[in-house]
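Just below is one structure, and these are the notes that go with it.
The values are calculated or read from the model by the stated rules, or taken from the named source; none is laboratory data. From a predicted model like this one, the values you see are computed outputs, not experimental measurements. All Cβ positions, glycine included, derive from the backbone under ideal geometry; neighbour counts span all protein chains shown. For the accessible areas, the whole protein counts, side chains as well, though only heavy atoms, and no ligand, DNA or RNA atoms are used. Shrake-Rupley method; radii C 1.70, N 1.55, O 1.52, S 1.80 Å.
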Amino acid sequence: MKDNHELLIKIISDKRIELGYSKRALAKMMNVSNSYISKIESFKRNDISLVNLIKICECLELDFINLLVVTNYLPAKYLK
């Protein structure tokens, strides 16, 4: 599971950077603290709520189900 979580965070971080968003900008879009995003991306916070993960996906234009499949939290049969 640790590898899955690390991949999930890497995808989120890479997409944030690709879109040109700072951690502060993403936090503002999600209405969370700047430190919340920093802790997630530095692996100091492993308890991302489902609601916040969905918000992250919406802000970063990531497909939530696809993200879960790619990171092996869901089997591939859930892909459309």
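Sorted into 10 angstrom bins from 0, the C-alpha pair distances of the chain split as 18, 57, 22, 2 percent. Every helix of 4 or more DSSP H residues in the chain counts as -39500 (n - 2.57), and over all residues that averages to -18500 deg cm²/dmol at 222 nm.
For the stretch 24-42, the residues whose backbone nitrogen is under 19 Å from a point 7 Å from the Cα of Glu6, taken along Cα to Cβ, are 39-42. Other residues within the sphere of radius under 10 Å centred on the Cβ of Arg16, judged by their own Cβ, net out at -1 (K and R +1, D and E -1).
Each Cα pair under 8 Å and six or more residues apart adds its separation to the average, and for the chain the resulting relative contact order is 30 percent. Working note: Debye formula, equal point scatterers on the alpha-carbon atoms of the stretch 1-41, no solvent; log10 I(q)/I(0) at q = 0.16, 0.17, 0.18 Å⁻¹ is -0.39, -0.44, -0.49.
What the phi angles of the stretch 21-35 give under the Karplus curve with 6.51, -1.76 and 1.60, with θ = phi - 60°, is a coupling list of 8, 7, 4, 5, 5, 5, 4, 5, 4, 8, 6, 10, 6, 4, 5 Hz, glycine and proline written as x.
For the chain, the per residue solvent-accessible surface stands at 65 Å², with DNA, RNA and ligands left out and a 1.4 Å probe.
Charge tally for Ala25 (other residues, Cβ to Cβ under 15 Å; Lys, Arg +1; Asp, Glu -1): +2. Surface composition of the chain: carbon and sulfur make up 54 percent of the accessible area, probe 1.4 Å.
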